[in-house]
Structure formats: C-alpha cells, structure tokens
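Chemist: My structure is below; once you've seen it, I'll send some questions.
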Amino acid sequence: MEQSTSPKFKQNAHHALHDASLQRALGRLKTGFKDKRLAAIADMPEFEQLRDTARDIKNHTLANLDHYLTAFEANVIANGGHVHWCADAEEARQTVLKICQDKKAKSVLKGKSMISEEIGLNAFLEKQDLKVVETDLGEYIIQLRNEPPSHIIAPAIHVHKEQVADSFRQTHKGRDINRPLDEPRDLLDEAREVMREHFFAADVGITGANFLIAETGTSVIVTNEGNGDLTQTLSKVHIAIASLEKVVPTLEDASSILRVLARSATGQEMSSYTTFSTGPKRDGDLDGPEDYHVILLDNGRSNMLGTEFQEMLRCIRCAACMNHCPVYGAVGGHAYGWVYPGPMGSVLTPSLIGVDEAGHLPNASTFCGKCEEVCPMRIPLPKMMRHWREREFEKHLGPQSMRFGIRLWAWFASRPALYGKATGLAARILKSIGGRKQKIGKLPLASGWTDIRDLPAPQGKTFKQLWAEQQAAKKA
Amino acid sequence: MSFAPSSASSASSPSSKPRVGLFVTCLVDMFRPTVGFSAVKLLEEAGCVVDVPMEQVCCGQPAFNSGDLESARKVARPLIAMFENHDYVVAPSGSCAGMMIKHFPELFANDLELAEPVRALAGKTWELVSFLTDVMKLDGVAAAFEGSITYHDSCSGLRELKVKEQPRKLLRSVKGLEIRELQEPETCCGFGGTFCVKYPEISGKMVGDKTTDIKNSGADMLVAGDMGCLLNMAGKLRREGSDMEVRHVAEVLADMTMAAPGIAGSEKG
C-alpha cells in the first residue's frame, strides 16, 4: 500500500498554501469543471430523478453484493476469463505479478486506475524489473515527474504545461532539444507519438474498471483519450483491477449510472470512449487479448458493509465532490496524503488505512455541504465525516486540548445561570479589550482565530441580560 | 405544517396570534444582542407573540460536530422541554435552526422517550427569515437603507433549509436598498465552527477568497444570516483594513441599522 502522509495533513496544507505554482493551478478549478457540470445538468431535466435511480441501483447491489459478485464471476469464467479474489493490496500485487510472470512479460501498459494507485502497483512491478508505462496523458505526466495523482480524474491538475514540456524534453531522447512545446497541441502530439510505440510492444495491459456488469461478466472503462481501449485490446493479456463495489447487476444499470457519471465529472454527456470488455479474443475476432483477468479487490471494503460507512461504497469516482470542495480548492490533492483526496477521500481513507492514521481528513471540513449537493450518488459525505469524528472521539484520538475544551464548554453550557454570568463577564471584558474600534487583534488562547482575522468585539451586555432588564422595566 | 396554537396561548391571546419561542443562539447572545432585538421586532410586527425562555443556552452543535455526542445531548436536551408549549421556535441562524430541525432527530435517535418530542420540535423550528416569508407570508418590510448590500448565503441555511430567495425577497423591499450579488455567494466563508481554529491557515485562505469577492462586489455593506460566518468575514475584512459595514440580515430588515454600529464597529455607525 502506498505510504500515507495523512498524519502530516497540516504541514502538507501549509506547504500547499505557500506553493504559488500550485495555487495558480488550483485557481483553474474555480470554473472549469463546475461550469461544465452546471451546463450539462441544465440540459437534462430528469437529472435529479436519475440521481435517485443511480443511488437505488447501488443500494440494491450493496445489499446483495455476494450474489452479484458471484454471478459476475460465473459469467467471466463462462466467457473464458479468470477472476481473482484478493483480500488486500499484497495479494492483488502478487496476483498481477504471477500473471505477468506466467506470460514471461517484460512490459506492462497501464490505463488509468485508482485501484492501482491504492495498491502501489507501479513501484512494485518496477522492482520486479517490469517496464511500466502509464497511457493516460495525465498519469503519464505524473509518472515522469515521479508523483502520485492529485485528483482522481485529472491526476496532473497541479502541473502546468511548461512543467510538462520540461519533463518531455528530459525524457524523450533523440529529439530536437529546441523543438516547440509551448502549446498543448505540441505536447499532445508528442505524447501520442511516444505512446504509439509502447502500445505495439506491450505484453500486459492493466486497466481499472468503472463498472463490472454481473449479468454479462463485462468490465467497463470510460476515457477521453482512447488509451484504455488500446491498452486492453493490443496487449496479449488484459488485467482489469477493480474494487468489489464496482459491480452492478445489468447493462441497463450501468447505462443509467453512466448518464450521471460524465455529467457530474467533466460536464460531458458521455466520456469520449466507453469500452466494454467481455472475455478474451474469441475465434474469428479481429483483435483482443489472449487472456482476460479480473482482480476483485476488497482491501477493507467488506468491513464497511453494515456500518454507517456503507453508503460510501456507492461512490463512482466522478470527482464532483473535490471539484466543488473549498478545502480541496485551497490545498489541492497531495495535502490529503494518500490516494483519494477531497470529501470522498476524507470518508474513504479512514476506512481503508484507519482513522488513527487519517484522522485529520474528516476534521478538515467546514461541513458546508457542497459535496453532498453535487454527489450524483447522493452520498451523505458530511454526515459520514462526522461519524469519523465520533469514532475518533471515542478512541481519544484528537488533540487533548480540543477534547478538554469541548467538555469544559459543555459543562458551562449545561448550567444556564453560571453560563449567563460567565458570558456576561466575557462580553464586558472583550468589549473593553476591543476599545474604540471594537475589534480585537490578539487574544490569549485564541491565536487560531486571531492569527488570521480580528475578533469583532461583543456589544458589551448579553442579549439575555438586556432582555431581562427590558422585561423588568416593562413590569415596573 | 399546520398552525395550531396551543390552548394556553389561544386563551391568553384571543386574536390567536402564534406564540413564538425565540432561540437567540449563543453567538447572538454574547456578541450581538441587536440581532436578537431585531428578530423580536420583526416577529412582533409580523403578528407573533414572542417569548424568550431564559434557560436557553446553545443547540449543542459545537460538540455534535466534534464527535462528542454525549456533550451534545447534555447541552441540547433541555431545549426540547423548554419549547414544548410554543407554536413555533425561531432562530436568527440557519445553522442552529438546521441543528434542531435536521440533526436533533439523529442525535436523539436512540432515545425512545424523546423521539416524539424531538420530532415535534424539529417540525415547528424555523430560521428567522424563512419563517417570516414562508409561514407568516410576509412580502416586505417597513425598513429603509440608502445604499448597496451584498449577501452571503450561509451554508447550513442554504443547503439544509433551502434559505436562498427568502432574504433577497425581503431585502428587495427595503427602501433605497440595492443588492449586488457576489460572484460566488454560495461558497463557504471558511468558518465551519471549530474548523476555523483547528485549521486556521486553510480557513484563512477560504475567508480571504471570500473577502476578495465581497470587496469586488462594490457593495457598501455585507449582509448574512448567521453570526459565525459574519464574525469570520467581518474579522477578516477588519484585518485587511477594510471598513466595510457588516450586518446580520435581521438588523437590516428590522430597520435597526441606526441602533448600533455594524459588527466590529464600523465608525460610520
């Protein structure tokens, strides 16, 4: 599993906030995806109903997950493919390695896959002397930069085109060092040329899966570059790696969810390519892989079933939550410290690597609710982040000062007379500290507030004091 | 929901005026009593009898959102009986009203005895401005303000209670007032309760983006419906050297902008 830096979220966020290049890149998020999503759903009056349908499909599937996974497996086998049930990351990595070794593979092509990031597949395969090439342009760029993705559908969103040009000049040898690489078109053309050679030489193609369809034994991917198709049809072996909640009962169900997926993600009606893979090449087929494998990864997900976090398994990885999250927009994806950033990561990461490791993530939210508003699967993300805070509190994991503060406050707040006296006194003192301008620039024990902003001074008496005086005067 | 005054209040007010329990909220109580008096004025002018239970403190949200359910219940529980005999409970805050409407049923879900009273409380609790428009059917107010305002939609009111058009509708009726919308009126200001002190740097970035948007609007005054967000945005504006006036929407609607200086004491008063 990828090493997490989630415990250092605060330091990560600090660096991100002071990284001018990153801040410039994040500025683009403010419009882009958001505006396109709005335009796409404005064209679709039944969008809200479709969200309900999509939610219901996944709820039904999760309630009968064993049934649909078994059906999926049976159909993959009937089509001549193989299914590998992997309990954790290590088992998944070893399974992939075994398939590669059995084929005496030397090179591996990758379609974009967050599960591959989750199990740290690239680094592992490279240690086994396999050449691994990412074929999604964004993934390719961060592979050259030796970085993890900072976004689940736009992995290189933190990178500027000038930085991409630098990486290309360093990596793509044998080309004119002064060739023009200023325009996105130049970069795309060069990436495509380089990629072509890899496609024809590949032994094994590994993709993720947006859906697994139980009734047909099909894995489905959506891409905008067509790289996924080539990865899985030109390679001798196709391995689809998917977490087990990706299964849906029928083709019809996958189609329904596809209608909300791209609209929520990039604002497209559909992604440019939606590719269905059902087994290896059959006699008479013009192309396709000789072998077809599906890795079904659990890695902690079955532990979420039956808990308050089960609804998280409806997630279809559209990234609408992070595209709209003001915290993600402020610090970017790397600050979260593990594979999945943004609101969906803040709920999922503690489930997968533990709340003691990832406790900052569900705390670093204002509960503004924007993520839940845009989630096509209607996942109550803020509520589940709060449940993680409850687990943390039960386990005494948060800062002791916070715990003490809340308990002390609750002690006062459940004693109205005492609380009234204390706040009356505080209001008076703060007003006098506020002086003529009625603002407080520095306050002991409140640096979290005053480092950033002034504290507007209270008006001097509490409402309840004034109200009591007024009522007494009326009676007199 | 139906308006059904209790027998006690019908007896004491033959005109069958609805009896409203004002939930002042802890931030208004300590920082900005003017908002509480503005709320009383607006409710009375709309035809309500207003009562302020003096034992009230807080809705328990700080503990609830910190994962300390035991403390949250301890602070929240007294409110359930306190407002039992009111026709409505009204708070000048979408956040606190949202806590009582949306989260009390969750907080007390395992308490069978409280299930019904909690449901009843949630069913009759309202955020102030939406209560005035949606229940009391107010179309306008008798207030005046010469100048332009910009309005920040606080997250809880907006997303939990769907408070969006209601304040704008009443603000448009204020004589002389012009609304200049923000580029992003629905983006969080970075307050988030304890979030703003737990993650001050991120909060600072968020409120900085917000104050930039506010200043770019060119409005004379910033208006919103929640004290937490208002203290955060007003504090940031002051820190940046801006003297923009900041007000709770109740103060503007109740025509009480002359009664006290703006939040953090705009010296224009």
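Chemist: What's the ranking of A:385-394, A:180-189 by average number of surrounding C-beta atoms within 10 Å, highest first? Walk me through the numbers on the way to the answer.
Modeler: On the way: A:385-394: 20.0, A:180-189: 13.0.
Packing order, densest peptide first, comes out as A:385-394, A:180-189.
Chemist: Using a cut-off of 13 Å between beta-carbons, work out the net charge of the residues near A:T216 (Lys and Arg +1, Asp and Glu -1, A:T216 not included).
Modeler: Numbers: positive: none; negative: A:E73, A:E215, A:E252, A:D253.
Net charge around A:T216: -4.
Chemist: If you don't mind, there's one more thing I want to ask. Using a 1.4 Å probe on the heavy atoms of the protein chains only, list every residue of segment B:64-88 that has 40 Å² or more less accessible area in the complete assembly than in its chain alone.
Modeler: B:N65, B:S66, B:G67, B:D68, B:K74, B:V75
Chemist: Follow-up question, since we're still on this one. Magnitude of the Cβ-charge dipole of segment B:7-134, K/R +1 and D/E -1, about the Cα centre, nearest 20 debye? Walk me through the numbers before you get to the answer.
Modeler: Numbers: 10 positive and 15 negative charges, 33 e Å.
Rounded to the nearest 20 debye, it is 160 debye.
Chemist: Can I ask one more? Under a point-charge model restricted to the Cβ atoms of Lys and Arg (+1) and Asp and Glu (-1), what is the dipole moment magnitude of chain A relative to its Cα centre, in debye to the nearest 20?
Modeler: 3480 debye
Chemist: Going by average Cβ neighbours within 10 Å, how do the peptides A:191-202, A:336-347 rank, with the highest at the top? Don't skip to the answer; put the middle values down first.
Modeler: On the way: A:191-202: 15.0, A:336-347: 27.2.
Per-residue mean Cβ counts within 10 Å order the peptides as A:336-347, A:191-202.
Chemist: Ignoring ligands, DNA and RNA, what accessible area per residue does segment A:43-297 give at 1.4 Å, in Å²? It would help to have the intermediate numbers written out before the result.
Modeler: Details: 10980 Å² over 255 residues.
Roughly 43 Å² per residue, with all protein chains present.
Chemist: If one takes the accessible area of chain B alone plus chain A alone and subtracts that of the pair, with a 1.4 Å probe, what total in Å², rounded to the nearest 100, results?
Modeler: On the way: alone 12490 and 23490 Å², together 30080 Å².
Summed over both sides, the interface buries about 5900 Å².
Chemist: With a cut-off of 8 Å between alpha carbons and a minimum separation of six or more residues, what is the relative contact order of segment A:43-297 in percent?
Modeler: Working: 432 pairs, mean separation 70.8, N = 255.
RCO, segment A:43-297: 28 percent.
Chemist: Out of the DSSP beta bridges found with both residues in chain A, what percent are antiparallel (nearest 5)? Let's see the in-between values first.
Modeler: Working: 10 of 35 bridges.
Taking every DSSP beta bridge with both residues in chain A, the antiparallel ones total about 30 percent.
Chemist: Could you pull the Rg and Dmax for the protein assembly as shown, using just the Cα atoms, both in Å?
Modeler: Spelled out, the Cα radius of gyration and Dmax of the protein assembly as shown are 28.7, 101 Å.
Chemist: Could you tell me which of the pairs A:K383/A:K461; A:K370/A:K437; A:K8/A:K30; B:K102/B:K164; A:K8/A:K106; A:K442/B:K169 are separated by over 29 angstrom between their Cα atoms in the structure shown?
Modeler: Numbers: A:K383/A:K461 36 Å; A:K370/A:K437 36 Å; A:K8/A:K30 26 Å; B:K102/B:K164 18 Å; A:K8/A:K106 37 Å; A:K442/B:K169 39 Å.
Flagged as over cut-off: A:K383/A:K461; A:K370/A:K437; A:K8/A:K106; A:K442/B:K169.
Chemist: Just how far, in whole angstrom, is segment A:7-38 from segment A:430-476 if you go by their alpha carbon centroids?
Modeler: 36 Å
Chemist: Right, another one. Could you tell me which residue out of A:T231, A:T349, A:T266 lies farthest along the dipole of chain A toward its positive end? Charges go on the beta carbon: Lys and Arg +1, Asp and Glu -1, centred on the Cα centre.
Modeler: Highest projection toward the positive end goes to A:T349.
Chemist: Taking Cα centroids, how far is segment A:219-278 from segment A:40-87 in Å?
Modeler: About 12 Å separates the Cα centre of segment A:219-278 from the one of segment A:40-87.
Chemist: Which trypsin sites (Lys or Arg not before Pro) from segment A:223-312 combine a DSSP loop assignment with at most 16 other Cβ atoms within 10 Å?
Modeler: On the way: sites: A:K236, A:K246, A:R259, A:R263, A:K281, A:R282, A:R301; in loops: A:K236, A:K281, A:R282, A:R301.
Hits after loop and neighbour filter: A:K236, A:R282.
Chemist: Here's something else I'd like to know. Report which residues of segment A:452-471 become buried by 50 Å² or more of accessible surface when going from the isolated chain to the complete set of protein chains (1.4 Å probe; DNA, RNA and ligands ignored).
Modeler: At a threshold of 50 Å² (probe 1.4 Å), the residues of segment A:452-471 that become less exposed are A:I452, A:R453, A:D454, A:P456, A:Q459, A:F463, A:K464, A:W467.
Chemist: Calculate the mean, over all residues of peptide A:321-333, of how many other protein chain Cβ atoms lie within 10 angstrom of the residue's Cβ.
Modeler: That works out to 3 on average.
Chemist: Next question, about the same structure. Going by alpha carbons, how many degrees (0 to 90, nearest 10) lie between the helix axis of B:227-239 and the longest principal axis of chain B?
Modeler: The angle comes out at about 20 degrees.
Chemist: Here's something else I'd like to know. With a cut-off of 8 Å between alpha carbons and a minimum separation of six or more residues, what is the relative contact order of chain A in percent? Don't skip to the answer; put the middle values down first.
Modeler: Working: 780 pairs, mean separation 93.8, N = 476.
With pairs under 8 Å counted, the relative contact order is 20 percent.
Chemist: If you roll a 1.4 Å probe over segment B:7-134 with all protein chains in place, what percent of the accessible area is carbon or sulfur? Don't skip to the answer; put the middle values down first.
Modeler: On the way: 2350 of 4390 Å².
Solvent-exposed carbon and sulfur of segment B:7-134 make up 54 percent of the total.
Chemist: Sticking with this structure for a sec: Per-residue mean of other chain beta-carbon atoms within 10 angstrom of the beta-carbon, peptide B:228-241?
Modeler: Partner-chain Cβ atoms within 10 Å, mean over residues of B:228-241: 4.
Chemist: If you roll a 1.4 Å probe over the heavy atoms of the protein chains, what accessible area per residue do you get for chain B, in Å²? Before the final figure, lay out the partial values.
Modeler: Numbers: 9540 Å² over 269 residues.
Per-residue accessible area for chain B comes out at 35 Å².
Chemist: For helix A:342-353, what angle does its Cα long axis make with the longest principal axis of chain A, in degrees from 0 to 90 and rounded to 10?
Modeler: The angle comes out near 70 degrees.
Chemist: Turning to a different aspect of this structure: Expressed as a whole number of Å, what is the distance separating the alpha-carbon centroids of segment A:103-117 and segment B:177-203?
Modeler: 43 Å
Chemist: How much net charge surrounds B:C155 when only the other residues with a Cβ under 9 Å from the Cβ of B:C155 are counted, with Lys and Arg +1 and Asp and Glu -1?
Modeler: On the way: positive: A:K370, B:R159; negative: B:D153, B:E160, B:E186, B:D226.
Here the charged neighbours net out to -2.
Chemist: In units of 2.2 N^0.38 Å, what is the alpha-carbon radius of gyration of chain B? Present the calculation step by step, with values, prior to reporting the outcome.
Modeler: On the way: Rg = 18.3 Å, N = 269, 2.2 N^0.38 = 18.4 Å.
Chain B yields a ratio of 0.99.
Chemist: For chain B, what relative contact order do you get, as a whole percent, if you take Cα pairs closer than 8 Å and at least 6 residues apart? It would help to have the intermediate numbers written out before the result.
Modeler: Details: 471 pairs, mean separation 48.8, N = 269.
After rounding, I find 18 percent.
Chemist: Moving on to the next point. When the expected Rg is taken as 2.2 N^0.38 Å, what fraction or multiple of it is the alpha-carbon Rg of segment A:255-358? Don't skip to the end; give the middle numbers.
Modeler: Working: Rg = 17.6 Å, N = 104, 2.2 N^0.38 = 12.8 Å.
Normalised Rg, Cα atoms only: 1.37.
Chemist: Towards the positive end of the charge dipole of the protein assembly as shown, with charges on Cβ (+1 Lys, Arg; -1 Asp, Glu), say which of B:A144, A:C375, B:S66 has the farthest Cα.
Modeler: Value computed over the given set: B:A144.
Chemist: How large, in percent, is the carbon and sulfur part of the accessible surface of chain A at a probe radius of 1.4 Å? All intermediate terms of the calculation are to be shown ahead of the outcome.
Modeler: On the way: 10870 of 20540 Å².
The C+S portion of the solvent-accessible surface of chain A is 53 percent.
Chemist: Just to confirm a number: summing +1 for Lys and Arg and -1 for Asp and Glu over residues other than B:E165 whose beta-carbon lies under 12 angstrom from that of B:E165, what do you get?
Modeler: My count for the surroundings of B:E165 gives +3.
Chemist: Taking Cα atoms, how many degrees apart are the long axis of helix A:400-413 and the longest axis of chain A, rounded to 10 and kept between 0 and 90?
Modeler: Relative to chain A, helix A:400-413 is tipped by roughly 40 degrees.
Chemist: How big is the equivalent ellipsoid of segment A:43-297 along its three axes, where each semi-axis is √(5λ) from the Cα gyration tensor, reported in whole Å from largest to smallest?
Modeler: Details: eigenvalues 186, 110, 52 Å².
Semi-axis lengths for segment A:43-297 are 31, 23, 16 Å.
The values are calculated or read from the model by the stated rules, or taken from the named source; none is laboratory data. Computed from a predicted model, the values in this text were never measured in an experiment. As a convention, Cβ positions derive from the backbone with ideal geometry for all residues, glycine included, and neighbour counts pool all protein chains shown. Just so you know, the surface numbers come from the protein's heavy atoms only, side chains and all, with ligands and any DNA or RNA stripped out. Shrake-Rupley method; radii C 1.70, N 1.55, O 1.52, S 1.80 Å.
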